[in-house]
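Reading through the structure tokens given below for one structure.
Rule-based calculations on the coordinates, nothing more; no lab input. The model shown is predicted, which means the values in this text are computed figures rather than measured ones. No Cβ is skipped: glycine too gets one built from the backbone with ideal geometry, and neighbour counts run over all protein chains shown.
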Amino acid sequence: MTGTETESPISPEAQRRLFDLARRAIEAELQHQAFEVGEAEGELAESRGVFVTLRRRPDHELRGCIGFVEPREPLARAVSRAAAAALGDFRFDPVTAEELPLLEVEISVLGRPVTIRPEDVLVGTHGLIVRQGGQGGLLLPQVAAERGWDRQTFLEQTCRKAGLAPGAWRDPGCQLLGFTASVLHEPTPPGRGERRD
């Protein structure tokens, strides 16, 4: 199969609920308290892959990005777990309680990854997963668009993320998967400035 499968969009009401869950999970984690999602219904009960990205205002410095590619649990639970886990992304210093008012939350709800040919990759539409020899790496669709990469650079950077040589995507033994994502931006709370987009 080539191309990617597109999942249904997330309704405005479900988006509001997801950002509320993400915020509550983050606050609970920073206070070392347990957080229970409760019973999920409708869209929030659908199993979806998801990533939560945390940035700090006003410079939009990346503070964490954690997620789950495979749709193995309800969306509500996946978002809350990813939001809490992003606070401790090993690539960065742990997020502190003092940073909480400055955090902006971005949620990427993933479509199901499928095999894709390199020439079918659309920058800004597709996210990529590269796997070879027990190593793997993933980049979300918005990463390539934000950085102004062309298709080849996107493929090479995904290989680097996997710890592979930049040209590994050309190897017949390299698995290349593509996916789409609904990228949800948290509304800017009053008094906290404008959103970056």
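The length gained by stretching the chain between residue 125 and residue 36 to full extension, at 0.36 nm per residue less their Cα-Cα distance, is 28.7 nm. Between residue 142 and residue 47, the distance separating the two model label sites (each 7 Å from Cα on the Cα→Cβ line) works out to 2.6 nm.
For the chain, the equivalent ellipsoid derived from the alpha-carbon gyration tensor has semi-axes of 29, 19, 16 Å in decreasing order. Annotation for residue 56 and residue 90: the two label points, set 7 Å from Cα along the Cα-Cβ direction, are 2.2 nm apart.
Rounded to the nearest 500, what is the chain's calculated 222 nm mean residue ellipticity when only DSSP H runs of at least 4 contribute -39500 (n - 2.57) each, over all residues? List each step's numbers first, then the result.
Details: 4 runs with 49 residues, N = 197.
Theoretical 222 nm ellipticity from helices: -8000 deg cm²/dmol.
Positive contributions from Lys and Arg (+1) and negative ones from Asp and Glu (-1), summed over other residues with Cβ under 10 Å from the Cβ of residue 140, come out at -2. Per-residue packing, averaged as other Cβ atoms within 10 Å, sorts the ranges 85-98, 158-171, 63-76 into the order 63-76, 158-171, 85-98, beginning with the highest.
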